[in-house]
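Heads up, the thing below is written out as structure tokens.
Laboratory data are not the source of any read-out in this text; all were calculated from the coordinates shown. Only a predicted model underlies this, so the values are computations on that prediction, with no experimental measurement involved. Note that each Cβ is placed from the backbone with ideal geometry, even for glycine, and that neighbours are counted across all protein chains shown.
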Amino acid sequence: MSEMWAETEALAADLAAAGVRLAVLLPPVVSKGALNIKNDWRASLSGLPHLPHLPAAISYDMDVKPDAVSAEIGPDKDKKQGPLGSIVEFGTSKNPPRLDGARALTTEAPKFEAACEAVAEQALLG
């Protein structure tokens, strides 16, 4: 029974170390994914004659915690034409939604998932 306990403790130590490695490896992956979405979204909005400043209002913010990494991507309401971003994205009763952000997210999702799998494997293998 003590051999099984030693193996269980070793596995627990390996998983804890993997978590530490993942905490280092994952933020750049999330940042790159957010940057790609932001750039794609901006490109989709470029050239709108009535909203020339809206592309520059699309930004992202990272939130990195010891147990979680996230990014919020979208129009910055403090930037010129930023408050119009949600209206353009989701539409109104008189204007259809453009869904540029949704398309950018859908485009990036497979690349982001592959990158997350790669860093998870790297973290587990040490």
Förster radius 35 Å - calculated FRET efficiency between Ser70 and Ala17 (Cβ-Cβ, nearest 0.05): 0.90
Selected from Ala123, Ser46, Thr8, residue furthest toward positive end of dipole (the chain; charges at beta carbon): Ser46
Calculated FRET efficiency for the pair Lys32/Phe90, C-beta based, R₀ 22 Å, to 0.05: 0.25
Value at 222 nm in deg cm²/dmol, rounded to 500, when DSSP H runs of n ≥ 4 in the chain each add -39,500 (n - 2.57): -22000 deg cm²/dmol
Local net charge near Ala13, Cβ-Cβ under 15 Å (Lys/Arg +1, Asp/Glu -1): -2
GNM flexibility winner over the chain from Ala23, Ala43, Ala12 (Cα, springs under 10 Å): Ala12
Sites Met62 and Trp5, calculated FRET efficiency, Cβ-Cβ separation with R0 41 Å, nearest 0.05: 0.55
Angstrom value of the Kirkwood radius, inverse mean 1/r, which spans all Cα pairs in the chain: 16.9
Range in the chain, longest, excluding exposed trypsin sites (Lys or Arg not before Pro) [loop by DSSP; at most 15 other beta-carbon atoms within 10 Å]: 1-76
